[in-house]
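Beneath this line is the structure, given in structure tokens, with notes to follow.
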Amino acid sequence: MKNLLILGAGTGGTIMVNKMRKRLPSGEWNVTIIEKEKDHFYQPGFLFIPFGYYDRNDIVKPNQKFFPKGVEVVNNEVDRIITEENKVILKNGESFQYDVLIIATGARLSPEDTPGLKAELWHKSIFDFYTIEGAETLAEFFKTWEGGNLVIDVADNPIKCPVAPLEFAFYADDFFTKRGIRNKVNITYVTPMSGAFTRPKASRMFGSLLQNKNINLVTDFFLGEVDNGNKKILDFGGREVPFDCLVTVPLHSGDPVVSKSGLGDEFGFVKADKNTLQSILYKNIFVIGDASNCPASKAGSVAHFQADTLEENIIDYIENKPMSASFDGHSNCFIETGFGKGILIDFNYETEPLPGLYPLPVVGPLTLLKESRLNHFGKLMFKWIYWNILLPGRKLPVTNYMSMKGKRTD
Amino acid sequence: MAQKTYAGITVDVNEEGYFTNPSQWTREIAVEIAKEEGIVLTNQHFAIMEFLRNKHIKGEALSIRSINHSGVIDVKTFYQLFPGAPLKKATKIAGIPKPASCI
């Protein structure tokens with residue numbers, strides 16, 4: 001028997017375990033997935049928690065529910081990969097041999113890498129909303145907050161779901177308006193990028209949305225440290241932004257297992273071919289989702305679009321054929337803009353987010369790079385799609401490769 | 001495509017003045033571009049630019065964070081060497097494209 005081993009049961013790992021179990025003959029291949037957590041959080045839902053629209057129970061399910069039959073599930077923590085011996089060692093000393101390994105260990109927050117960020121004010125006036133604990137603590141804080149300077153800061157890229165901090169800013173505007181204290185809340189969005197977003201068309205559109213919503217924008221700001229005593233953030237050049245409440249998106253790193261096993265770049269993301277998703281160091285190691293150093297978004301949609309490429313390439317690898325599938329960097333996300341509206345963007349390595357209709361020309365029905373109510377409902381509906389279609393590895397009625405159909409380039 | 005002449009050599013640049021062909025770059029050219037930015041280059045400047053050029057040639061993404069891993073200088077010194085927007089200035093002077101942060 002041969003062994004396919006998957007590390008991590010987040011979005012990418014769960015999709016792959018479902019796809020590969022179906023694809024590989026059970027008489028020839030064992031499929032094993034190793035994951036230390038027992039809960040699977042719907043991460044796009046974290047955004048809604050600070051504003052009281054969702055609570056924990058709305059976005060969590062036991063991950064056991066999403067594993068197919070005929071798979072060995074190991075609920076334990078990985079220590080390291082011994083690449084020369086094709087072996088994974090757990091913290092408890094147990095080891096697992098593999099013929100093919102899929103790394104799906106994701107990205108983690110590393111607030112400890114910024115001086116002063118995880119210090120006296122952490123979870124008192126400084127919050128993150130990328131963890132359930134951070135999002136819940138912030139929800140409690142917002143219930144009684146009477147206003148002041150609300151600063152939303154992205155420390156540096158790459159981060160998971162690069163649009164989430166913008167959505168947070170839009171939702172904050174909506175939330176404090178409805179609470180009747182918007183005039184007491186000064187919202188500032190601080191980003192390391194040179195505009196509200198990367199790539200020109202989207203950056204201009206989001207820039208004007210921020211302006212219309214009276215949200216200040218500070219650009220080219222790379223977070224250097226947090227001064228807890230004087231409640232301000234400083235960039236490496238000494239520029240300052242004062243805050244009463246700081247919502248941070250801290251630096252991200254790969255799982256420590258990746259660095260420890262010699263597979264990562266300086267931030268612990270697996271060095272991989274951005275098209276084949278194969279490790280550049282070992283031919284029998286592949287990567288999916290946030291764990292890779294591919295220059296694509298760290299987002300669930302990317303993991304989903306990568307999954308088909310990865311499935312085909314692993315089969316080609318097993319059959320000693322050249323890899324036939326190539327991931328194009330396709331990413332797609334709903335962006336909540338508040339007051340019941342949303343935006344959809346669709347892009348890849350080469351093509352920036354463009355205006356138009358999705359997934360079909362003329363009829364859409366979703367509008368690209370433009371606010372609409374339907375996009376907002378699309379986002380809400382997506383939770384159901386995530387649990388019921390995406391994680392089980394079923395097909396969605398959209399293409400994996402980005403399509404120019406319906407997009408306008410003018 | 002636009003062209004510019006530095007130290008007697010004509011090079012290809014984009015509309016923002018970034019090199020489109022990093023192999024056209026020389027140390028003499030760097031000195032001239034740095035002058036336009038009001039910077040007098042030292043060995044430290046060249047050392048970090050070499051790090052950035054090597055990373056670019058290997059196809060790796062450039063970021064402010066990666067400076068701390070350069071083994072040459074830390075980020076604070078990087079800001080002192082190229083005041084204001086150090087990564088944008090340093091890549092321009094080092095003859096490589098402006099780093100595009102991915103989304």
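Rule-based calculations on the coordinates, nothing more; no lab input. Please read these numbers as outputs of a predicted model, since none were measured by experiment. Reconstructed Cβ throughout: ideal geometry from the backbone, glycine too, with neighbour counts over all protein chains shown.
Quick notes
- Residue by residue, the range A:218-224 carries 3J(HN,Hα) couplings of 10, 10, 6, 10, 9, 4, x Hz when phi is fed to the Karplus relation 6.51 cos²θ - 1.76 cosθ + 1.60 (θ = phi - 60°); x denotes Gly or Pro.
- Relative to the Cα centre, the charge distribution of the range B:2-93, modelled as +1 at Lys and Arg Cβ and -1 at Asp and Glu Cβ, gives a dipole magnitude of about 260 debye.
- Cβ-based net charge around A:W145, under 13 Å, with every Lys or Arg adding one and every Asp or Glu removing one: +2
- Separation of alpha-carbon centers, the range A:247-313 and the range A:28-74, rounded to whole Å: 19 Å
- In order along the range A:146-159, the phi-based Karplus estimate (6.51 cos²θ - 1.76 cosθ + 1.60, θ = phi - 60°) of 3J(HN,Hα) comes to 9, x, x, 7, 9, 10, 10, 10, 9, 5, 6, 7, x, 10 Hz; Gly and Pro are listed as x.
- Unit charges on C-beta of K, R, D, E only; dipole of the range A:331-390, Debye: 300 debye
- Within the straight-line cut-off of under 18 Å between alpha carbons, the lysines reachable from A:K38 are A:K61, A:K65, A:K69, A:K91, sequence neighbours fewer than 8 places apart in one chain being disregarded.
- Sum of side-chain charges, B:K89 neighbourhood, beta-carbon under 13 Å (Lys, Arg +1; Asp, Glu -1): 0
- Residue among A:W122, A:G180, A:P111 farthest towards the positive dipole end of the range A:111-251, charges placed on Cβ: A:G180
- The protein assembly as shown, helix-only ellipticity at 222 nm - DSSP H runs n ≥ 4, -39,500 (n - 2.57), divided by all residues, nearest 500: -8000 deg cm²/dmol
- Shape analysis of the range B:2-93 based on the Cα gyration tensor places the equivalent ellipsoid semi-axes at 21, 15, 11 Å, largest first.
- Derived scalar couplings between HN and Hα for the range A:38-50 equal 10, 9, 10, 8, 7, 4, x, x, 4, 4, 7, 5, x Hz in order, rounded to whole Hz, by the Karplus curve 6.51 cos²θ - 1.76 cosθ + 1.60 (θ = phi - 60°), x for Gly and Pro.
- Given A:K298/A:K379; A:K160/B:K55; A:K201/B:K76; A:K118/A:K379; A:K118/A:K383; A:K213/B:K89, the pairs whose alpha carbons are separated by over 25 Å: A:K201/B:K76; A:K118/A:K379; A:K118/A:K383; A:K213/B:K89
- Straight-line reach from A:K283: taking Cα to Cα under 21 Å and skipping same-chain neighbours fewer than 8 places apart, the lysines in range are A:K2, A:K19, A:K87, A:K260, A:K271, A:K274, A:K321, B:K58.
- A:L368 long-range amide H proximity, modeled H, under 5 Å: A:G356, A:L357, A:Y358
- Taking amide hydrogens as placed 1.01 Å from N in the peptide plane, the amide H of B:N68 sits under 5 Å from those of B:V75, each at least 5 positions away in sequence or on another chain.
- Across the range A:329-391 the C-alpha pair distances fall into 5 Å bins from zero in the proportions 5, 19, 25, 24, 19, 8, 0 percent.
- Signed unit charges on C-beta, dipole axis of the protein assembly as shown, positive-most listed residue A:L366, A:A164, A:G289: A:L366
- Rg in Å to one decimal, and Dmax rounded to a whole Å, for chain A via C-alpha atoms: 21.4, 66
- Restricting the calculation to Cα atoms, the range A:111-251 yields a radius of gyration followed by a Dmax of 14.0, 40 Å.
- DSSP-defined beta bridges in the protein assembly as shown - what % are antiparallel, rounded to 5: 55 percent
- Only the Cβ atoms of Lys and Arg (+1) and of Asp and Glu (-1) were treated as charged; on that basis the dipole of the range A:140-233 about its Cα centre amounts to roughly 380 debye.
- The residues neighbouring A:A169, those whose beta-carbon lies less than 12 Å from its own, together hold a net charge of -4 under the Lys/Arg +1, Asp/Glu -1 convention.
- For A:N149, residues with placed amide H under 5 Å, excluding near neighbours: A:N186, A:D244, A:C245
- Aspartates and glutamates whose Cα lies under 19 Å from that of B:K4, excluding same-chain neighbours fewer than 8 positions away: B:D12, B:E15, B:E16, B:E28, B:E32, B:E36, B:E37
- Cβ-Cβ FRET estimate between A:L281 and A:S125, R0 fixed at 45 Å, reported to 0.05: 0.55
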